[in-house]
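Chemist: Okay, handing you the structure first.
The values are calculated or read from the model by the stated rules, or taken from the named source; none is laboratory data. All figures in this text were calculated on a predicted structure; none of them were measured in a lab. Every residue, glycine among them, receives a Cβ derived from its backbone with ideal geometry; neighbour counts consider all protein chains shown. Please note that ligands, DNA and RNA were not included when accessible areas were found on the heavy atoms of the full protein model with its side chains. Shrake-Rupley method; radii C 1.70, N 1.55, O 1.52, S 1.80 Å.
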Amino acid sequence: MTNDYSGFVTYIKSKTGIDLALYKEAQMKRRLTSLYEKKGYGTFKEFSNALTSEQNLMDEFLDRMTINVSEFYRNQKRWEVLETKILPDLIKNQSQLKVWSAACSTGEEPYSLAMVLNKVQKGRFNHILATDLDRLAIEKAKIGLYNERALAEVPEDIKKEHFIKQGAFFKVSDKIKSSVTFKQQNLLNDRFDTGFDLIVCRNVMIYFTEEAKDELYHKFSRALKKGGVLFVGSTEQIFNPGKYGFESIETFFYRKI
Ligand SMILES: C[S@@+](CC[C@H](N)C(=O)[O-])C[C@H]1O[C@@H](n2cnc3c(N)ncnc32)[C@H](O)[C@@H]1O
């Protein structure tokens with residue numbers, strides 16, 4: 001029932017500020033329908049009535065719509081390109097980089113960035129901004145404790161240097177943690193900081209509509225310095241980079257012209 005869903009979209013926007021209309025509809029509807037059916041509701045209308053009275057259900061809704069799956073060095077080959085080609089080029093003209101992990105989920109991505117930067121810049125301190133819509137994911141990120149599966153792609157020397165084993169888990173070192181600042185932010189609604197050398201935004205744009213992506217690429221382009229780089233996910237190629245003032249420099253890396 002499309003009307004039922006569009007009423008739900010309006011309800012969520014007024015209640016949380018999140019605009020579900022900017023996410024691909026079929027996918028989002030499927031995810032949310034399976035959640036409300038599991039909870040014993042029959043329609044989006046019944047679901048929104050229940051959300052009004054139950055805070056726990058609202059948390060479950062947010063958890064379901066935000067898909068937090070992540071891992072360190074996700075698509076490791078791309079991180080090698082970042083380390084051996086993109087970063088050496090970026091640091092040629094300046095010693096400190098301004099870096100942003102946008103949609104950072106539970107922290108694996110910004111911490112991977114801190115580790116790679118530490119390696120490339122031989123211990124020089126860098127500051128990384130990490131943002132996500134999901135407050136609970138950010139809380140987990142700040143704790144910095146991960147199971148072994150999340151570390152599957154981490155090179156052995158990095159694992160030794162930056163993780164401390166705690167029982168079945170691995171904790172990110174304080175040095176790495178101290179270089180990342182976490183903030184809650186909605187990419188589709190909130191203002192962006194500017195002057196970035198590198199923006200990493202991976203595995204979230206696939207969930208957005210074409211219109212939302214178009215607007216977001218413009219916003220990222222404005223947030224980057226000239227010569228700055230946008231690093232996207234491995235299914236998120238930009239087909240017309242020139243439209244946003246980008247040139248493709250490696251697969252999944254775009255430089256602001
Ligand atoms: C699949 S994770 C990707 C995590 C990481 N970037 C990676 O590639 O492993 C997607 C993340 O996007 C976040 N997200 C979804 N919509 C968002 C929005 N409008 N603004 C900011 N973050 C959003 C979710 O909360 C989730 O943590």
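Chemist: Please pick out the residue among Glu156, Glu236, Glu210 that is in contact (Cβ under 8 Å) with a residue 12 or more places away in the chain, among the charged types (D, E, K, R) and surrounded by fewer than 19 Cβ atoms within 10 Å (Cβ to Cβ). Steps first, answer last, please.
Modeler: Details: Glu156 fails: in contact (Cβ under 8 Å) with a residue 12 or more places away in the chain; Glu210 fails: in contact (Cβ under 8 Å) with a residue 12 or more places away in the chain.
After ruling out the rest, the residue left standing is Glu236.
Chemist: Also, I was wondering about something else. So which residues in the stretch 53-81 are touching a Lys or Arg at 6+ places or on another chain (Cβ under 9 Å) and more than 12 Å from the ligand (Cβ to nearest atom)?
Modeler: Once the filter is applied, which keeps residues that are touching a Lys or Arg at 6+ places or on another chain (Cβ under 9 Å) and more than 12 Å from the ligand (Cβ to nearest atom), the stretch 53-81 yields Leu57, Met58, Glu60.
Chemist: A follow-up question, please. Just checking, which of Leu216, Leu224 is within 16 Å of the ligand (Cβ to nearest atom) and at pLDDT 95 or above? Please lay out each step first, then the result.
Modeler: On the way: Leu224 fails: within 16 Å of the ligand (Cβ to nearest atom).
Leu216 is the lone residue from the list that is within 16 Å of the ligand (Cβ to nearest atom) and at pLDDT 95 or above.
Chemist: Something else now. Determine the pairs where a residue that is under 19 Å from Ser14 (Cβ atoms) and open to solvent by less than 60 Å² (accessible area, probe 1.4 Å), located within the stretch 33-60, has a partner that is among the charged types (D, E, K, R) and modelled with pLDDT under 95 with Cβ atoms under 6 Å apart, the partner being 6 or more residues away or on another chain.
Modeler: Pairs found: Thr43/Asp4; Phe44/Asp4.
Chemist: Return a yes/no flag: does the stretch 113-126 have any residue that is within 13 Å of the ligand (Cβ to nearest atom) and touching a residue at least 40 places away in the same chain (Cβ under 8 Å). Steps first, answer last, please.
Modeler: Filtering the stretch 113-126 down to residues within 13 Å of the ligand (Cβ to nearest atom) leaves 113.
Right, trim to touching a residue at least 40 places away in the same chain (Cβ under 8 Å) and you get 113.
Yes - at least one qualifying residue is present in the stretch 113-126.
Chemist: I'm trying to understand the selection: among the residues of the stretch 133-150, which are modelled with pLDDT of 95 or more, within 13 Å of the ligand (Cβ to nearest atom) and among the hydrophobic types (A, V, I, L, M, F, W, C)?
Modeler: Leu133, Ala137, Ile138, Ala141, Ala150
Chemist: Is it the case, given these coordinates, that Ser179 is away from the ligand (no atom under 16 Å from the Cβ) and closer than 30 Å to Lys226 by Cα? First the steps, then the outcome.
Modeler: Numbers: away from the ligand (no atom under 16 Å from the Cβ): yes; closer than 30 Å to Lys226 by Cα: yes.
Spelling it out, Ser179 is indeed away from the ligand (no atom under 16 Å from the Cβ) and closer than 30 Å to Lys226 by Cα.
Chemist: Any idea which of Ala130, Ala103 is surrounded by 21 or more Cβ atoms within 10 Å (Cβ to Cβ), within 9 Å of the ligand (Cβ to nearest atom) and among the aliphatic types (A, V, I, L, M)?
Modeler: On the way: Ala130 fails: within 9 Å of the ligand (Cβ to nearest atom).
Only one candidate qualifies: Ala103.
Chemist: Collect the residues in the stretch 106-120 that are open to solvent by 10 Å² or more (accessible area, probe 1.4 Å) and either on the phi > 0 side of the Ramachandran plot or among the polar types (S, T, N, Q) (or both), keeping them in residue-number order.
Modeler: Thr106, Asn118
Chemist: Would you check which residues across the stretch 223-233 are more than 16 Å from Ser101 (Cα to Cα) and open to solvent by 50 Å² or more (accessible area, probe 1.4 Å) and list them? Let's see the steps before the verdict.
Modeler: Step one: list which residues in the stretch 223-233 are more than 16 Å from Ser101 (Cα to Cα), which gives 226-227.
Passing the criteria: only Lys226.
Yes/no matrix, rows are residues, columns are (1) within 16 Å of the ligand (Cβ to nearest atom); (2) within 16 Å of the chain's Cα centre (by Cα); (3) within 23 Å of Lys256 (Cα to Cα):
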position: Lys165; (1), (2), (3): no, no, no
position: Ala168; (1), (2), (3): no, no, no
position: Lys171; (1), (2), (3): no, no, no
position: Lys175; (1), (2), (3): no, no, no
position: Leu188; (1), (2), (3): yes, yes, yes
position: Asp193; (1), (2), (3): yes, yes, yes
position: Asp197; (1), (2), (3): no, no, yes
position: Arg202; (1), (2), (3): yes, yes, yes
position: Tyr207; (1), (2), (3): yes, yes, no
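Chemist: State all residues of the stretch 63-74 that are open to solvent by less than 50 Å² (accessible area, probe 1.4 Å) and not hydroxyl-bearing (Ser, Thr, Tyr); if no residue qualifies, say none. Full working, then the answer.
Modeler: From the stretch 63-74, those open to solvent by less than 50 Å² (accessible area, probe 1.4 Å) are 65-68, 70, 72-73; that's our starting set.
Met65, Ile67, Asn68, Phe72, listed by residue number.
Chemist: Would you mind stating whether Asp4 is under 30 Å from Arg255 (Cα atoms) and in a helix (DSSP H, G or I)?
Modeler: Values: under 30 Å from Arg255 (Cα atoms): no; in a helix (DSSP H, G or I): yes.
No; evaluated as a whole, the condition is false for this residue.
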